[in-house]
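Structure, as structure tokens:
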């Protein structure tokens, strides 16, 4: 449904003719649906004006950042936030940065590293919005999810401007909860499905100390960048363990010891994907690593603030690994491989290799929760992949799962990938079936309740949270112009 | 070759936006992080590499949906290949090739750009991409250079359209001739008989015109009996060395860019750079000498889909990393007195000057804007001069300087070498 000339003109008056397009020929660039228009606002005031127009004309809208994923109902107005790409402030003293939605994590991180700082970067990669909420490699240091959003500037689904936390009362961004309105449950909680309605136009993210160099000494050429040397007081290793129990115990002790800059529960397939430059190499490396590991494992980066600090962390790490019969993967001890992983896993630059390169698409069951429970569930969900591997529907990763301890390790993130060819409908259906079955099992066996699923039993089991959420959304969005679904990547 | 051939590649795009930026590990901050001029200037996702191939994918499914906006997207792209290099850091898929095929399809369907049509009319009539006055060999009058149409030489100096027909660029041809003479090279030019190599016709999407031009060009080369061609134009280098090979027209001719040739002459002791040139400089990698200048790789294989897709035999991807990167740097660094500093976006993830893909003709404002971004980056290094290795880059940068009022100087590498002789 195209916009009428008059309505189009109203939108055009807000952003200028160059920044609106309703030509269907360019829409497939975004997604395979028909958008009423794509609009490029340049600032908060323009977003507010656009949202108000959407309400006036009862048009659904959806914002996107770099555009990786999302759900886009037909005929919606798409706000492409490409022009809102400014780092507003880096406050070193109070350790926060304020960004617009289209600042990508790689840009912010590079600025922060120069200042001895870092922030939580989501596993999707540094090519995504720095504002994106989620989990990633550095969760032991930076935690994840709603821990990292401080004050937020939010254009509500009706076009009102809300400033949360300290911004609501002091014009400072240092806190998400006050003095001023917190709204944490609405703005940054993990309540799915999807994201908060409306548009985040600016957000403050929490910053953390970075013990590494101002920039990595990257040498070589794409697709194989290496480090000319391992930065002082830094080390990367992969450890495998004889059993999940031993791995989990080591993970927990390391978390409690607070010595890891990063602890990422890569499996052998993910290590292989990271360090190789094409699918053929990847397959060969996976076969090699599968023989080299003794069981499940994780990848660790330690970074010392001084030689003594590094020596201490290394000693603790080695003791914990030894106590749990862990074994260091020789391949990763090679300084070239160590350098590749060190840089890639801090600068989060190879997620696409892990997810899209082998088959073209992936599906997963991402879980955040009590780590010991999610590990137990993940073992079964991994095994459930084996028939799909055998039938050739998904990439052979040995039925692997992955996950990692967040903060001190009791809290954790678990995720399982199924990588497949998106043009293979049978494979796609098989993966969806696996996803449904394992999500349901998690609920019925009381491991966790995935609120991403459409399982009708989940809401009633969780105090009818879904009904309350619907009421809340209706109150915020009485005209129903801000649909649910997708993530602001 | 056709768009259909790239269906599987286009279907691999996950819209991750890596194609918009330089590789993530190379991003040094909030400035100079983009590799694609088109998305940086026009903002809609359609102007990015990923956007373009998703449109291509939809076209295969639903047919071409020609509109003014679509053609605006198609022709506002320098075909610089930055998207291709950035994507291939992580993915096994072609990006620039299907973008080329989409543009070629537009031309074949008659959905052309009026400004480009004018340029092509001149090519068909005069054998040149530049509507110059006078004769192609006018720059060489009085220099007493050998001519390959009548003299036996070891090396053919191919001058190219921009240098030949733009009197402001004659200095580059003269400097090159002077350098080759000083080094005692037995070289010649084709003079008025030189014809366009076809490079820019190809960039604009006119594949058939490129092929006609390439065949004409190679007929002249074969008649002259030379085995080595040296050119100081990156666009010509790309056509002669890469495209001619791709279309099996190159034969056993050795093609060298002047920066490679000078580097060799210095290494062999045939050229001595003695005079000091006290200048702080930075170097711009022309796209078609750098990432697009890497040799063509002949591969005839099949994509095999099992649990993961692989190629049989393994496909050696052109990822832009084997272009001509070190020779120009070696030459610049060999000049006494030069202080050399790198910019942020270099080598395989260099920012385009703005001239490619016919954009100088179809949208001069966009070409100048793109050049200005590069000028800003050069200035940020503290350089007094930006050195490049292509007359199209030099012209676009000079246009950008005029527009911005900057006082940074632009030199071609041969101009600097000549100063040091």
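Checking the condition surrounded by 15 or more Cβ atoms within 10 Å (Cβ to Cβ), away from chain B (no Cβ under 14 Å) and more than 21 Å from the chain's Cα centre (by Cα), which residue from A:300, A:293 passes?
On inspection, the qualifying residue turns out to be A:293.
Can you tell which of B:245, B:252 is more than 20 Å from the chain's Cα centre (by Cα) and within 25 Å of residue B:299 (Cα to Cα)?
B:252
Out of (1) more than 14 Å from every other protein chain (Cβ to nearest Cβ); (2) in contact with a strand residue (DSSP E or B) (Cβ under 6 Å, 6 or more places away or on another chain); (3) at positive phi, what's the single condition that is false for residue A:178?
(2)
Considering only the range B:45-85, state which residues are touching a strand residue (DSSP E or B) at 6+ places or on another chain (Cβ under 9 Å) and under 23 Å from residue A:41 (Cα atoms).
Answer for the range B:45-85, where residues must be touching a strand residue (DSSP E or B) at 6+ places or on another chain (Cβ under 9 Å) and under 23 Å from residue A:41 (Cα atoms): B:45, B:46, B:69.
When the residues of the range A:342-395 are narrowed to those that are surrounded by fewer than 22 Cβ atoms within 10 Å (Cβ to Cβ) and in a strand (DSSP E or B), which ends up farthest from the other protein chains (Cβ to nearest Cβ)?
The residue in question is A:370.
Can you give me the number of residues within the range B:42-65 that are more than 7 Å from chain A (Cβ to nearest Cβ), in a loop (DSSP other than H, G, I, E, B) and modelled with pLDDT of 95 or more?
Selection size over the range B:42-65: 1.
Return only the number of the condition from (1) crowded, with 24+ Cβ neighbours inside 10 Å; (2) assigned to a helix (DSSP H, G or I) that residue B:415 does not satisfy.
(1)
Of the conditions (1) part of a strand (DSSP E or B); (2) surrounded by 23 or more Cβ atoms within 10 Å (Cβ to Cβ), residue A:162 satisfies every one except a single condition; which number is it?
Unmet condition: (2).
Return the residues of the range B:94-118 that are more than 20 Å from residue B:70 (Cβ to Cβ) and surrounded by fewer than 23 Cβ atoms within 10 Å (Cβ to Cβ); say none if nothing qualifies.
Listed by number, the list holds a single entry, B:118.
Does residue B:88 fit the bill of being within 13 Å of another protein chain (Cβ to nearest Cβ), touching a strand residue (DSSP E or B) at 6+ places or on another chain (Cβ under 9 Å) and on the phi < 0 side of the Ramachandran plot?
Spelling it out, it is not the case that residue B:88 is within 13 Å of another protein chain (Cβ to nearest Cβ), touching a strand residue (DSSP E or B) at 6+ places or on another chain (Cβ under 9 Å) and on the phi < 0 side of the Ramachandran plot.
Consider residue A:132 against the criteria (1) in contact with a strand residue (DSSP E or B) (Cβ under 9 Å, 6 or more places away or on another chain); (2) more than 10 Å from chain B (Cβ to nearest Cβ): it satisfies all of them except one. Which criterion is unmet?
Result: residue A:132 fails condition (1) only.
Kindly establish whether residue A:154 is surrounded by 19 or more Cβ atoms within 10 Å (Cβ to Cβ), more than 14 Å from chain B (Cβ to nearest Cβ) and over 30 Å from residue A:216 (Cβ atoms). Even if it seems obvious, please write down each step before you answer.
Values: surrounded by 19 or more Cβ atoms within 10 Å (Cβ to Cβ): yes; more than 14 Å from chain B (Cβ to nearest Cβ): yes; over 30 Å from residue A:216 (Cβ atoms): yes.
So residue A:154 passes the test.
Can you go through B:238, B:257 and tell me which one is within 25 Å of residue B:396 (Cβ to Cβ), without any contact (Cβ under 8 Å) to a residue 60 or more places away in the chain, surrounded by 24 or more Cβ atoms within 10 Å (Cβ to Cβ) and touching a helix residue (DSSP H, G or I) at 6+ places or on another chain (Cβ under 6 Å)?
Criteria check complete, one pass: B:238.
Are any residues in the range A:216-244 buried (at least 20 other Cβ atoms within 10 Å of the Cβ) and more than 14 Å from chain B (Cβ to nearest Cβ), and if so, which ones?
Selection gives A:233, A:234, A:236, A:237, A:238, A:239, A:240, A:241.
Test residue B:39 against the stated conditions and say whether it is surrounded by 24 or more Cβ atoms within 10 Å (Cβ to Cβ), in a helix (DSSP H, G or I), within 13 Å of chain A (Cβ to nearest Cβ) and touching a residue at least 40 places away in the same chain (Cβ under 8 Å).
No, not satisfied.
Is there any pair with a first residue in the range A:201-215 that is within 14 Å of chain B (Cβ to nearest Cβ) and modelled with pLDDT under 95 and a second that is part of a loop (DSSP other than H, G, I, E, B) and surrounded by fewer than 23 Cβ atoms within 10 Å (Cβ to Cβ) whose Cβ atoms are under 6 Å apart and which are 6 or more apart or on different chains, and what are they?
Sorted first by the residue in the range A:201-215, then by its partner, the list stays empty.
If you go through the range A:22-30 one residue at a time, do you hit one that is in contact (Cβ under 8 Å) with a residue 24 or more places away in the chain and either outside the structural domain of residue A:173 (by TED's automatic domain parsing) or surrounded by 22 or more Cβ atoms within 10 Å (Cβ to Cβ) (or both)?
Looking through the range A:22-30, at least one residue is in contact (Cβ under 8 Å) with a residue 24 or more places away in the chain and either outside the structural domain of residue A:173 (by TED's automatic domain parsing) or surrounded by 22 or more Cβ atoms within 10 Å (Cβ to Cβ) (or both).
Yes or no: the range A:138-146 includes at least one residue that is farther than 27 Å from residue B:18 by Cβ, in contact (Cβ under 8 Å) with a residue 12 or more places away in the chain and assigned to a loop (DSSP other than H, G, I, E, B).
no
Taking the conditions exactly as written (surrounded by 22 or more Cβ atoms within 10 Å (Cβ to Cβ), part of a loop (DSSP other than H, G, I, E, B) and either within 11 Å of chain B (Cβ to nearest Cβ) or at pLDDT 95 or above (or both)), does residue A:125 satisfy them or not?
Answer is yes for this residue.
On the given criteria, is residue A:302 outside the structural domain of residue A:431 (by TED's automatic domain parsing), in contact (Cβ under 8 Å) with a residue 60 or more places away in the chain, part of a strand (DSSP E or B) and closer than 18 Å to residue A:404 by Cα?
yes
With A:419, A:429, A:471, A:413 as the choices, which residue is assigned by TED's automatic domain parsing to the domain that holds residue A:394, part of a helix (DSSP H, G or I) and on the phi < 0 side of the Ramachandran plot? First the steps, then the outcome.
Working: A:419 fails: part of a helix (DSSP H, G or I); A:471 fails: assigned by TED's automatic domain parsing to the domain that holds residue A:394; A:413 fails: part of a helix (DSSP H, G or I).
Of the residues listed, the single one that is assigned by TED's automatic domain parsing to the domain that holds residue A:394, part of a helix (DSSP H, G or I) and on the phi < 0 side of the Ramachandran plot is A:429.
For the range A:1-88, give me every one of the strands (runs of 3 or more DSSP E) that falls completely inside it and has 1 or more residues that are at the interface with chain B (Cβ under 8 Å from one of its Cβ atoms).
Values: elements: A:37-39, A:61-64, A:77-80.
It comes to A:37-39, A:77-80.
Check off (1) touching a strand residue (DSSP E or B) at 6+ places or on another chain (Cβ under 7 Å); (2) more than 10 Å from every other protein chain (Cβ to nearest Cβ); (3) over 23 Å from residue B:359 (Cβ atoms) for residue B:8 and give me the number that stays unchecked.
Just one mismatch for residue B:8, condition (2).
How many residues are over 13 Å from residue A:332 (Cβ atoms) and within 14 Å of another protein chain (Cβ to nearest Cβ) if we restrict to the range A:256-275?
2
I'm checking my understanding of the structure. Among residues of the range B:125-141 that are under 18 Å from residue B:362 (Cα atoms) and touching a residue at least 40 places away in the same chain (Cβ under 8 Å), which one is surrounded by the most Cβ atoms within 10 Å (Cβ to Cβ)?
B:129
Name the residue, out of A:277, A:196, A:226, A:201, that is in contact with a strand residue (DSSP E or B) (Cβ under 6 Å, 6 or more places away or on another chain), in a loop (DSSP other than H, G, I, E, B) and on the phi < 0 side of the Ramachandran plot.
Step by step, each of A:277, A:196, A:226, A:201 is checked, and only A:277 is in contact with a strand residue (DSSP E or B) (Cβ under 6 Å, 6 or more places away or on another chain), in a loop (DSSP other than H, G, I, E, B) and on the phi < 0 side of the Ramachandran plot.
Return only the number of the condition from (1) within 26 Å of residue B:361 (Cα to Cα); (2) assigned to a helix (DSSP H, G or I) that residue B:195 does not satisfy.
(2)
The values are calculated or read from the model by the stated rules, or taken from the named source; none is laboratory data. All values reported here derive from a predicted model rather than from experimental measurement. Ideal geometry is used to build each Cβ from the backbone, glycine not excepted, and the neighbour counts take in all protein chains shown.
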